[in-house]
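The values are calculated or read from the model by the stated rules, or taken from the named source; none is laboratory data. Because the structure is predicted, anything quoted here is derived from the model rather than measured. Using ideal geometry, Cβ is built from the backbone for each residue, glycine included, and neighbour counts are taken over all protein chains shown.
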Amino acid sequence: MISAEGRRLAQQTRVSELRIPNLSEIDFGRLRAGRLARLRAMMKRHDLPVCLFYNPANIRYATGTDVMGVWTASTFARYALVPVEGDPVLFEYKGSMHVSRKLVGDVRPAYTWQYGGVEAPAKAREWARSIRALLRERGLEGERLAVDKLDTLGFLALQAEGLALVDSGPATVDAREVKTPEEVDLFKINGGIGDAMLAEFEAAIRPGIREYELLAVLSDALLRRHGEFIFTRLVASGTNTNPWLTEAHDKIVMPGDLVGVDTDANGYEGYVIDVSRTFLCGDDPTPGQKEAYRVAFDCVTGMLELVRPGMTFAEFAERAPKLPAAYRARRYPGMVHQAGLEDEGPGIPYPDDDRGPRRILPQRELQENMVLCLECYAGKEDAPFGVKLEDQVLVTAAGAQLLCTYPYDAKLLS
């Protein structure tokens, strides 16, 4: 059982005005410099003299720029070469170079070969030669090149140029999982946006509305507050809530349905807003609905109480609340993940989950200024409903600080 203090923490709300963030609140120069300094420190720690980034979140972390992030995530249209010493070089989509030049000193036109068909390998080789020439220009030829992601032609082209390739993940994970002071401020701003999204979503729930209409409410609430995009469509009602992870469809919300939502959004300046709530369409929950809600609530609240800097991931997994046997078959794949410019960082899975390949339980520990998402799904195999709850928290010296403080559904907790 969780303590009375745990219940108080879980149900606390804050009084705040929900508004579009003011740019003057954040020192963006310090934000960019702080992130790049952390990245370079971790590159040195892992003996990675130079990185090549295609992941939009890594490019943004290193350079402060983001151009059409959803599209460029799958098109390999822009990339950055980031050395430990010297300024990063950003290779930008040709039509957007004027955007990135506002922040980055060395911006060059990007090569692309993705839609080149049978002529693509030759263009990829041309690109690889340009990368090798830049490494030579920076005195890095012969050094290992750390890469985050590429397509097959890209990897083959770099290897054909004789470049030694390694993974950039050790440096980017270690850098990004602990937030700078400016990143923390951005998360606090985005917490208010998350509260507004959930408030407007709950207010829109009524019999007859369709799931995709509720998704539109969620997205509208985000975009009107200077957020960027929603990266899943996790709105489900009634029987669509069990199993979880059915995305919004044309199902009509009926009286007595549970309605679940996971915000899964990139908010202001790209930082993730990831909170889940389940609401009742109506006033009279069934005993089974209340039981499932209490199971998920106790799980998330119990994890909230555990959070302390210095606790290992393995210790957290062992001490976290255990779901009742009837709810284990359909539990969520993990109990904790991290958030930053994307859902990121090593997470904490259920250590006894044998559904498919075991997930990695990293040999890491919680650190101050990590941002964690604590989540739980509770749904029995034979039930026509389930409950998804999730809180996003900042790790502080005193424990977990809620970033989004939207309340739980009092009807389902009574």
Here the qualifying pairs (Cβ atoms under 8 Å; residues six or more apart or on different chains; first in the range 184-205 and more than 23 Å from Ala248 (Cα to Cα); second among the hydrophobic types (A, V, I, L, M, F, W, C) and in a helix (DSSP H, G or I)) come out as Leu186/Leu31
Is it true that some residue in the range 30-49 is at negative phi, at pLDDT 95 or above, surrounded by fewer than 22 Cβ atoms within 10 Å (Cβ to Cβ) and touching a strand residue (DSSP E or B) at 6+ places or on another chain (Cβ under 7 Å)? yes
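Conditions tested, residue by residue: (1) assigned to a loop (DSSP other than H, G, I, E, B); (2) over 16 Å from Arg364 (Cα atoms); (3) charged (D, E, K, R).
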{"site": "Ala292", "(1), (2), (3)": "no, yes, no"}
{"site": "Asp298", "(1), (2), (3)": "no, yes, yes"}
{"site": "Gly310", "(1), (2), (3)": "yes, no, no"}
{"site": "Ala317", "(1), (2), (3)": "no, no, no"}
{"site": "Lys322", "(1), (2), (3)": "yes, yes, yes"}
Every residue from the range 111-133 that is part of a helix (DSSP H, G or I) and either crowded, with 19+ Cβ neighbours inside 10 Å or under 31 Å from the mean Cα position of the chain (by Cα) (or both): Ala124, Trp127, Ala128, Ile131
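Each row is one residue, and each column tells you yes or no for (1) under 22 Å from the mean Cα position of the chain (by Cα); (2) without any contact (Cβ under 8 Å) to a residue 60 or more places away in the chain.
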residue: Arg210; (1), (2): no, yes
residue: Glu213; (1), (2): no, yes
residue: Asn240; (1), (2): no, yes
residue: His249; (1), (2): no, yes
residue: Asp257; (1), (2): no, no
residue: Thr263; (1), (2): yes, no
Just to be sure I understand, how many residues within the range 224-269 are in contact with a Lys or Arg (Cβ under 6 Å, 6 or more places away or on another chain), over 21 Å from Arg331 (Cβ atoms) and of a type in the set (Gly, Ala, Ser)? 1
Could you run through the range 278-303 and say how many residues are among the basic types (Lys, Arg) and buried (at least 24 other Cβ atoms within 10 Å of the Cβ)? 0
Could you list, in sequence order, all residues of the range 241-290 that are in a loop (DSSP other than H, G, I, E, B), within 25 Å of Gly191 (Cβ to Cβ) and not hydroxyl-bearing (Ser, Thr, Tyr)? Trp244, Leu245, Glu247, Ala248, Asp264, Gly267, Asp274, Val275
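Residue by residue, here is whether (1) among the charged types (D, E, K, R); (2) in a strand (DSSP E or B); (3) within 19 Å of Glu269 (Cβ to Cβ) holds:
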{"site": "Gln159", "(1), (2), (3)": "no, no, no"}
{"site": "Ala175", "(1), (2), (3)": "no, no, yes"}
{"site": "Glu183", "(1), (2), (3)": "yes, no, yes"}
{"site": "Phe187", "(1), (2), (3)": "no, no, yes"}
{"site": "Leu198", "(1), (2), (3)": "no, no, no"}
{"site": "Pro207", "(1), (2), (3)": "no, no, no"}
{"site": "Leu214", "(1), (2), (3)": "no, no, no"}
Note on the range 373-404: residues surrounded by fewer than 20 Cβ atoms within 10 Å (Cβ to Cβ) and of a type in the set (Val, Ile, Thr) are Thr396
When you scan the range 258-267, do you find a residue that is more than 30 Å from Glu183 (Cα to Cα) and in the same structural domain as Tyr332 (by TED's automatic domain parsing), even just one? yes
Report yes if some residue within the range 347-367 is in a loop (DSSP other than H, G, I, E, B) and closer than 19 Å to Gln401 by Cα; otherwise report no. yes
